[in-house]
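Colleague: Dropping a structure here in structure tokens format, bear with me for questions.
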Amino acid sequence: MIIDTTTKVQAINSFSRLESLKVVYETTWMLFPILVLVLGITIGVLVIVWLEREISAGIQQRIGPEYAGPLGILQALADGTKLLFKENLLPSRGDALLFSIGPSIAVISILLSYSVIPFSSDLVLADLSIGVFLWIAISSIAPIGLLMSGYGSNNKYSFLGGLRAVAQSISYEIPLTLCVLSISLLSNSSSTVDIVEAQSKYGFWGWNLWRQPIGFIVFIISSLAECERLPFDLPEAEEELVAGYQTEYSGIKFGLFYVASYLNLLISSLFVTVLYLGGWNFPILSIFIIDGVFGTTICIFITLAKTFLFLFISIATRWTLPRLRMDQLLNLGWKFLLPISLGNLLLTTSSQLFSL
């Protein structure tokens, strides 16, 4: 009887251990795609920083980074390490809570947007039916973090920079949203995977770049303004606001703003690829049936190649166009891009209704 009881206890213990291992395995398998995505994003940001420095140096006929690693590829990593070990300073009369969580909100809200980016038909973290609008909703939280940072700094220049950031974001989010809505109507879906699949039906000429040329131009201009890239970097214009909402920051908190700007640039480039450039589809490769790991790798390569093409255009624009004044920036958003994007939406809606 004692032996039977001991055997039952051992069986129960082994079953409990198996259940615990199963829970650990399921949790690890659930977190693994997220960790891979975060690692890929981190490497992507490092590559973008290096590319920007090399392209900027080429445009200005300079040498650029060359000492930190081969071809200066480790320069961004060295800068990040330096910021990590610098002292974090707090303004003596500022709001410490707002000052501290502002950069985190800016970074986290942008990071969450990567969950709906498809790199292939099977490689997407969350294929949601409202994918593109989830990106717009989440990314609209980032300006709140910038405003909190400016207000918490107890600095008039920082607060003015935060207000500018919010005004600029609101001004250009509306045309951006109208362009995305036009794409959704054209594709009969708001899922990022469905939008890419809808473009693949007609090959190269089925890309939304040709079906929505006006929306494409408005989307690019609005994306540059959302990323606060030149000529739209008014919230941190050095000759006017010292450095805007970043003025009082140092150390890793300043580095978070730096990372957030490049994360935003990368996510905007990825959405240009998904919404207008056919995503992972490429006309020549569409005649071949490529499945498995190799096919997924090819899809990732095509998506990233299109993304970095747009990144090159964004970086080259920084050193080509002069900075706008604040009134010119707001006039461009409200008086030009908003009516154009609204007209484009009405035109798309009419064409879809007549095609039924």
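Colleague: Which number in (1) over 23 Å from Ala137 (Cβ atoms); (2) within 20 Å of the chain's Cα centre (by Cα); (3) surrounded by 19 or more Cβ atoms within 10 Å (Cβ to Cβ) marks the one condition that Thr247 misses?
Modeller: (2)
Colleague: Quick check on Leu89: is it exposed (fewer than 15 other Cβ atoms within 10 Å of the Cβ) and not aromatic (Phe, Trp, Tyr)?
Modeller: Against the criterion (exposed (fewer than 15 other Cβ atoms within 10 Å of the Cβ) and not aromatic (Phe, Trp, Tyr)), Leu89 qualifies.
Colleague: Against the definition (buried (at least 18 other Cβ atoms within 10 Å of the Cβ), more than 30 Å from Pro322 (Cα to Cα) and not hydroxyl-bearing (Ser, Thr, Tyr)), how does Ile195 come out, yes or no?
Modeller: yes
Colleague: Quick check: anything in segment 109-129 within 21 Å of Ser341 (Cβ to Cβ) and buried (at least 17 other Cβ atoms within 10 Å of the Cβ)?
Modeller: Within segment 109-129, one or more residues are within 21 Å of Ser341 (Cβ to Cβ) and buried (at least 17 other Cβ atoms within 10 Å of the Cβ).
Colleague: Between Thr297, Thr320, which is under 13 Å from Arg229 (Cα atoms), among the β-branched types (Val, Ile, Thr), open to solvent by 50 Å² or more (accessible area, probe 1.4 Å) and at pLDDT 80 or above?
Modeller: Answer to the selection: Thr320.
Colleague: Give me the residue from segment 233-244 that is open to solvent by less than 40 Å² (accessible area, probe 1.4 Å) and assigned to a helix (DSSP H, G or I) and, out of that set, modelled with the lowest pLDDT.
Modeller: Step by step, filter segment 233-244, then rank; the result is Leu241.
Colleague: Kindly establish whether Ser222 is within 23 Å of Leu345 (Cβ to Cβ) and in a loop (DSSP other than H, G, I, E, B).
Modeller: no
Colleague: Among Ala68, Ala57, which is of a type in the set (Gly, Ala, Ser), open to solvent by less than 50 Å² (accessible area, probe 1.4 Å) and at pLDDT 85 or above?
Modeller: That would be Ala57, the only listed residue that is of a type in the set (Gly, Ala, Ser), open to solvent by less than 50 Å² (accessible area, probe 1.4 Å) and at pLDDT 85 or above.
Colleague: Scan the helices (runs of 4 or more DSSP H) fully inside segment 272-356 and keep the ones with 3 or more residues being touching a strand residue (DSSP E or B) at 6+ places or on another chain (Cβ under 8 Å).
Modeller: Counting at least 3 such residues, we get no helices (runs of 4 or more DSSP H) at all.
The values are calculated or read from the model by the stated rules, or taken from the named source; none is laboratory data. Here the structure is a predicted model, which is why all the values come from computation and not from measurement. Here the Cβ is made from the backbone with ideal geometry for all residues, glycine too, and neighbour counts use every protein chain on show. In case anyone asks, the SASA skips ligands and DNA or RNA and just uses the protein heavy atoms, side chains included. Shrake-Rupley method; radii C 1.70, N 1.55, O 1.52, S 1.80 Å.
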